[in-house]
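Reviewing the structure listed below.
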Amino acid sequence: MAKTSEQVYRQIRAGILAGDFEPGMFVPEDEFASYCGTSRTPVREAIARLVSETLLQRSGTRRVFVPLWSDGEVEELFTLRAKLEAHCAERAAELITPDEIAELRTHADFIDAALGGEADIPGFVEGNRRFHATLLAAARSEPLNQMMRIIVNQVIIHRTAERYNVSDLEQSQRDHRDLIAAFTAHDVAWAGAIARNHIRRAAHAYRLRANEAATGGAHFTEDMD
């Protein structure tokens, strides 16, 4: 049975986020079709959706490519995400339920296990994804959900996760625990401040590791999103 455009969309989107198509890479329709094992018709429909989500862009000659942002533009992505994450945390602090707080604790425990002993980086990434997905759901805002999806996707495709070391991840986890405390207290200002600093600290670590990479002074691992 032929694959639907929805299936093709999901497959291409996953491939972009996984790094199968590098930022700045031009990808012809037939290459996407070969990647998905399908015809070009559902690929065209999938491309249109991905362009609307900014996971793909079109050049002046209508060629399709994965967005490539400069260092300054990546910094702007972090700035935008910090503002959105702070707003998300503030809403969640007002609206979060005891069950959702318990769910956040479960995800934090999962991350602790991933960081124990020899760090399980994929485990950390998955736990981090679950934690932030639960936080976003607790904010109960579809417009915020849509905006966060666009910004976070851009951060992922630029592989910023590869710019962090285990020490950075441990700090990120401390932020998670502090967020849980703020949510438990339903302290809006506290939650917003933690979330904003959480992303700004990640931006600082990204710049630091990028500079170390440029001078050959660090070994990087695949870490957090």
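Hey, what number do you get for the chain at 222 nm if only DSSP H runs of n ≥ 4 count, each worth -39500 (n - 2.57), divided across all residues, to the nearest 500?
After summing the helix terms and dividing by the residues of the chain, the value is -24000 deg cm²/dmol.
Can you tell me the relative contact order of the chain? Whole percent, Cα pairs under 8 Å, sequence separation 6 or more.
Answer for the chain is 25 percent.
Stick to Cα atoms and the Kirkwood definition of Rh, then tell me Rg/Rh for the stretch 34-102.
With Rg and the Kirkwood Rh in hand, the quotient comes to 1.19.
Kindly express, to the nearest 10 degrees and within the range 0 to 90, the angle between helix 166-184's C-alpha long axis and the longest C-alpha principal axis of the chain.
Compared with the principal axis, the helix lies near 60 degrees.
So what is the accessible area of the chain per residue, in Å², with the probe set to 1.4 Å?
50 Å²
What FRET efficiency comes out for ARG174 versus ASP20 if R0 is 35 angstrom and r is the Cβ-Cβ distance? Round to the nearest 0.05.
The computed FRET efficiency comes out at 0.60.
Which angle from 0 to 90°, rounded to the nearest 10, does the C-alpha axis of helix 5-18 make with the longest principal axis of the chain?
Orientation of helix 5-18: about 60 degrees from the principal axis.
Can you give me the three principal axis dimensions of the stretch 1-151 from its C-alpha atoms, in Å, biggest first?
Principal extents (Cα only, largest first): 49, 31, 31 Å.
How tilted is helix 121-139 with respect to the longest principal axis of the chain? Cα atoms for both, answer in degrees (0 to 90, nearest 10).
80 degrees
How do 68-77, 107-116, 143-152 rank on mean C-beta neighbours within 10 Å, highest first?
Top to bottom by mean Cβ count within 10 Å: 107-116, 143-152, 68-77.
Between Rg and the Kirkwood Rh of the stretch 83-142, both from Cα atoms, what is the Rg to Rh ratio?
1.04
Using 0.36 nm per residue of separation minus the Cα-Cα distance, give me the extension gain between ARG105 and ARG58 in nm, one decimal.
Once the chain is fully extended between ARG105 and ARG58, it gains 12.7 nm.
Please compute P(r) over all alpha-carbon pairs of the stretch 65-204, binned at 10 Å starting from zero, and give each bin as a whole-number percent.
12, 43, 36, 9, 0
The values are calculated or read from the model by the stated rules, or taken from the named source; none is laboratory data. Here the structure is a predicted model, which means the values were calculated and not measured. A quick note on method: Cβ atoms are made from the backbone with ideal geometry, for glycine too, and the neighbour counts reach across all protein chains shown. Note: areas computed on protein heavy atoms with side chains; ligands, DNA, RNA excluded. Shrake-Rupley method; radii C 1.70, N 1.55, O 1.52, S 1.80 Å.
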